[in-house]
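Inspection log for the structure reproduced underneath, given as structure tokens.
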């Protein structure tokens, strides 16, 4: 792929994003044609998203041009008749680019070199060790933590208040007041949690009695994918951490996606040193602060974490291939975040849908006394459904979500989803609208009647012939709604 530079030679311009299999498939199709290709990553150059949308009428990627001639997406490219494709190739090779060519990023040569160098770098993070990290490491090595029996129940990897205070006194030379103060700080910083308590002793270490047991947070019994090691960094900003995690695992995913975009080498991905660094960074989610997040920060943080956790789950468990595996996957794969366990189901239905029942769920994810309820959005945000799932034939031009522009990014993701005929088909002859099963499963999020649902869909469509058709079907009255088959194999995590 060529660097961005001013040239009057012909070229194929492809607008894409990293990790998009449809984009890779398009590039693999173009590669043998022997034409200069300019690959523009719209997530790296968001200033071009609107100009490209105006040129194409689409917000999905890939979008492909031969010189100034617009072709469309991957499917349109692959379905070109051979003679027409040859004419386009000949045009690019022989005819110069014209003034109405699709735009490229405005980069000087020095900037282009800097961008290329930046793309080669692997995401890193600076870790400032927390004041209590070494103390916790010493406590782990002291053979105090073990199995505690209370009545008929055994509590593995637990310890009592007296055991911790005794170790702090004997090993660290603290008096009782100091030791209790450190115990309280360990609770507040979420190094440890209650394993067994009576009303959690009002959350105070000093008020704990002899029946109260604690465990280190990393010894979470629910098999969270980031448990088992101490989060030793000073707590990082939630938005910064989620962005870094998403960028890191997406880069990893992209590097192990086959050239044709059709398969992922999960074995190679899990052996990659970058995955080890990702796993170490994910551990830092254990003690991240969540309660101070705004609505926008909550949305961006949990969408990025959800999408990263899906890929992490694939690496540990494999991608689910049937409904039962999928149900187990989304109810089992989890991270420890801010001292609490969040499964994929908890993030989607508990946090992002404002604690609503999910598909096949009999109750809300969080009870009234569940501390995770404090993190949940006050109101459901329907647009999250299009950020957590990539369309079957095209992707939105966004790979990570940021609090500063989250609402625009979510609207763009919805527009991209609705462009796809796997998500929305309007049949004016039959006065019928065929929608993705997502609108059936989560109908309560979009409006409790067919009329409200169609108005929501219309409002969130980009200006297009499909939108005009939908307006006509709604205006004609009594439109029929049906739901399209859902292809689980095409449901991607990026």
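Bear in mind these aren't lab numbers, they're just calculated from the coordinates by the rules spelled out. Owing to the predicted nature of the structure, the values given are computational and were not obtained by experimental measurement. Please note: Cβ atoms are built from the backbone with ideal geometry, for glycine as well, and neighbour counts cover all protein chains shown.
Relative to the present Cα-Cα distance, how much length would full extension add between residue 69 and residue 328 at 0.36 nm per residue of separation?
Gain in length upon complete extension: 88.5 nm.
For residue 266 and residue 480, compute 0.36 nm times the residue count separating them, minus their Cα-Cα distance, and round to one decimal in nm.
Result for the pair: 72.8 nm of gain on full extension.
What ranking do 359-368, 448-457 get when scored by the average of other Cβ atoms within 10 Å per residue, highest first?
Output ranking for 359-368, 448-457: 448-457, 359-368.
If R0 is 25 Å, what FRET efficiency do you get for residue 176 and residue 150 from their C-beta distance, rounded to 0.05?
It comes out at approximately 0.55.
Can you give the angle from 0 to 90° between the axis of helix 406-419 and the longest principal axis of the chain, with both taken from C-alpha atoms, to the nearest 10?
50
Can you match Cα extents along the principal axes in Å to one of these, (i) 84, 59, 35; (ii) 92, 42, 40; (iii) 149, 50, 37, based on a calculation from the structure here?
Structure-derived value, by its label: (i).
What is the angle, in °, between the Cα long axis of helix 295-317 and the longest principal axis of the Cα atoms in the chain? Nearest 10 is fine, range 0 to 90.
90
How would you rank 348-357, 153-162, highest first, on the average number of other Cβ atoms within 10 Å across their residues?
348-357, 153-162
For the stretch 126-181, what does the alpha-carbon gyration tensor say about shape, rounded, prolate or oblate, given a ≥ b ≥ c as the root eigenvalues, a/c under 1.5 as rounded, and a/b over b/c as prolate?
oblate
Over the chain, what relative contact order in percent results from Cα pairs under 8 Å that are six or more residues apart?
14
Determine the calculated [θ] at 222 nm for the chain from helices alone, applying -39500 (n - 2.57) to every DSSP H run no shorter than 4 residues and normalising by the residue count; nearest 500 deg cm²/dmol.
-12000 deg cm²/dmol
Need the full-extension length gain, residue 295 to residue 229, defined as separation in residues times 0.36 nm minus the C-alpha distance. One decimal, nm.
Contour length minus the Cα-Cα distance gives 20.8 nm.
If you fit an axis through the alpha-carbon atoms of helix 21-30 and take the longest principal axis of the Cα set of the chain, what angle between them do you get, 0 to 90°, nearest 10?
40
Under 8 Å for C-alpha pairs, at least 6 residues apart: give me the relative contact order for the stretch 21-113, rounded to a whole percent.
With pairs under 8 Å counted, the relative contact order is 32 percent.
Below 8 Å, C-alpha to C-alpha, sequence gap of six or more: please give me the relative contact order for the stretch 238-381 in percent.
21
Could the peptides 93-100, 236-243, 256-263 be put in order, highest first, of the mean number of other beta-carbon atoms found within 10 Å of their residues?
Highest mean packing first, the order is 236-243, 256-263, 93-100.
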